[in-house]
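First comes the structure, then the notes that go with it.
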Amino acid sequence: MALHLAEISLAVAPGAHAVVLMDQAGWHTTGKLKVPAKCPELNPVENVWQFMRDNWLSNRVFTSYDNIIDHCCEAWNKLIDQPWRIMSIGRRKWTRGS
């Protein structure tokens with residue numbers, strides 16, 4: 001996985017960001033990979049992905065790879081049209097502690 005992330009980073013312009021979505025990624029629990037995500041449920045990006053799955057991407061049958069891409073793009077565009085929703089997902093009360 002480290003080699004894969006290094007290869008992806010070569011295609012990202014300096015100062016830009018890239019997002020890699022990997023549901024149930026095993027490297028969330030390994031100490032060998034140098035990434036900070038050790039607790040996915042506290043990672044706002046994981047929470048955004050969970051929201052998209054729960055609301056727009058689950059319980060459906062995809063007919064092809066292109067169909068998957070189309071649905072993911074549609075879900076992403078719905079989400080970015082709702083900036084207040086993104087803020088609420090990242091500010092869940094249970095993530096702040098007591």
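The values are calculated or read from the model by the stated rules, or taken from the named source; none is laboratory data. For clarity, every value in this text was computed on a predicted model and none was experimentally measured. FYI the Cβ positions are ideal-geometry reconstructions off the backbone, even for glycines, and counts take in every protein chain you see.
If a residue must be outside any loop (DSSP other than H, G, I, E, B), at pLDDT 85 or above and closer than 22 Å to ILE86 by Cα, how many such residues does the range 8-60 contain?
Taking the range 8-60 first, the residues outside any loop (DSSP other than H, G, I, E, B) are 8-10, 26-28, 40-42, 44-57.
After this cut, where a residue has to be at pLDDT 85 or above as well, the list is 8-10, 48-57.
Subsequent filtering for residues that are closer than 22 Å to ILE86 by Cα retains 48-57.
Residues in the range 8-60 being outside any loop (DSSP other than H, G, I, E, B), at pLDDT 85 or above and closer than 22 Å to ILE86 by Cα: 10 in total.
Within the range 72-98, residues that are outside the structural domain of PRO44 (by TED's automatic domain parsing) have Cβ atoms under 9 Å from residues that are modelled with pLDDT under 95 in no pair, counting only partners at least 6 apart in sequence or on another chain.
Take ILE89 and decide whether it is at pLDDT 70 or above, out of contact with any His (no Cβ under 7 Å at 6 or more places or on another chain), exposed (fewer than 14 other Cβ atoms within 10 Å of the Cβ) and aliphatic (A, V, I, L, M). Outline the logic, then answer.
Working: at pLDDT 70 or above: yes; out of contact with any His (no Cβ under 7 Å at 6 or more places or on another chain): yes; exposed (fewer than 14 other Cβ atoms within 10 Å of the Cβ): no; aliphatic (A, V, I, L, M): yes.
Criteria not met by ILE89.
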